[in-house]
Amino acid sequence: MTYRHWFYLTLFFTVTLILVVGASSFAIDIFGVFRNPQGRQLRVYNNERTAKYLLNERYVPENFNGLLIGSSMSANWDVSAIQNFRIYNESIAGGNATEEKLLIDQALPAGHFLIALCVFAPEMTIDHDIKEKGMGTPSKAEALGSVTILREEFRKEFDLLSREGPEYFPNGDRVIEAKKMLADWLPPVWPVDPEGIRDYDALLSELRSHEIKIVFVVPPVRANILEARRGFLQSYRLRVNPIRPGEALIDFNSNKYDEFRKNPDNYIDDAHLTPAGAQEISRALNEELQLILARQR
């Protein structure tokens with residue numbers, strides 16, 4: 001075989017492989033960016049940040065009218081328990097306001113969202129790092145053929161064969177196992193990043209500019225840890241103070257939820273909830289939200 005024949009044969013197989021990968025990715029459309037995603041049940045499988053970014057291009061705006069904006073503390077809250085809205089859980093592990101803003105920027109232009117449940121906790125402004133390379137920049141080309149796509153599709157097939165099933169639900173909720181994580185996950189004093197605060201404010205400003213009702217949610221911290229850090233959490237609330245007149249706050253660190261926070265069965269660590277704890281707090285979130293909406297009618 002001459003060099004020229006080898007070159008053209010290699011080129012032919014390379015181009016064919018690219019076309020096959022692109023065509024199969026287009027047909028599967030795992031993120032719902034090519035075909036109408038309305039009514040489809042799409043989910044994250046592997047790369048949480050990049051996948052949610054791409055899902056927010058069309059899938060989230062087409063199928064949901066509410067958002068839960070948070071971090072890993074709210075990642076396994078059952079948003080299907082919230083009545084009168086179709087909520088998508090935008091929470092990501094170790095997430096901050098900067099990363100959440102990237103997701104919301106992607107979703108808002110095509111969306112018709114009515115409500116945003118915004119987690120109000122120091123974790124949201126601890127830094128402004130983007131923790132997954134490429135988050136915020138993937139385009140349809142990324143969904144057409146990339147390492148991300150291969151990982152997602154491989155994990156999808158693995159989950160179908162696994163007894164445990166997928167880690168994520170089509171509404172963005174994540175399955176978190178009820179096993180011990182970090183013993184002292186919450187430090188006595190969290191760093192507060194000024195750029196993180198600016199991104200949190202910018203995120204809220206965008207929601208307000210789209211006339212989306214904002215309800216702030218303070219996640220429940222385990223009772224003994226809360227007492228040790230209450231001073232810092234109070235000073236943080238005063239410093240950030242994002243709530244505007246007419247906006248509501250649901251505070252799961254209030255006295256009303258003392259018994260919940262004292263029950264160790266509700267917690268994996270200082271602030272992440274077990275599946276049972278997440279279910280209970282999700283029901284409470286729905287009840288609190290319905291009371292707020294009834295008062296505002």
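Does at least one position in the range 107-117 carry a residue that is under 22 Å from residue 272 (Cα atoms) and either open to solvent by less than 10 Å² (accessible area, probe 1.4 Å) or modelled with pLDDT of 95 or more (or both)? Yes; the residues of the range 107-117 include at least one that is under 22 Å from residue 272 (Cα atoms) and either open to solvent by less than 10 Å² (accessible area, probe 1.4 Å) or modelled with pLDDT of 95 or more (or both).
Across the range 246-281, the number of residues qualifying as open to solvent by 50 Å² or more (accessible area, probe 1.4 Å), farther than 20 Å from residue 79 by Cα and either among the charged types (D, E, K, R) or touching a residue at least 60 places away in the same chain (Cβ under 8 Å) (or both) comes to 4.
Restricting the range 230-245 to residues that are part of a helix (DSSP H, G or I) and surrounded by fewer than 16 Cβ atoms within 10 Å (Cβ to Cβ), the residue that is farthest from the chain's Cα centre (by Cα) is 231.
Within the range 73-104, the residues that satisfy the criterion of being in contact with a Gly (Cβ under 6 Å, 6 or more places away or on another chain) and of a type in the set (Gly, Ala, Ser) are 91, 97. Within the range 62-103, being open to solvent by less than 10 Å² (accessible area, probe 1.4 Å) and not hydrophobic (A, V, I, L, M, F, W, C) holds for 66, 70, 71, 74, 88, 89, 90, 91, 95, 96, 99, 100.
The values are calculated or read from the model by the stated rules, or taken from the named source; none is laboratory data. Computed from a predicted structure; not experimentally measured. All Cβ positions, even for glycine, are placed from backbone atoms using ideal geometry, and neighbour counts span all protein chains on display. The accessibility values were calculated without ligands, DNA or RNA, using every heavy atom of the protein model including side chains. Shrake-Rupley method; radii C 1.70, N 1.55, O 1.52, S 1.80 Å.
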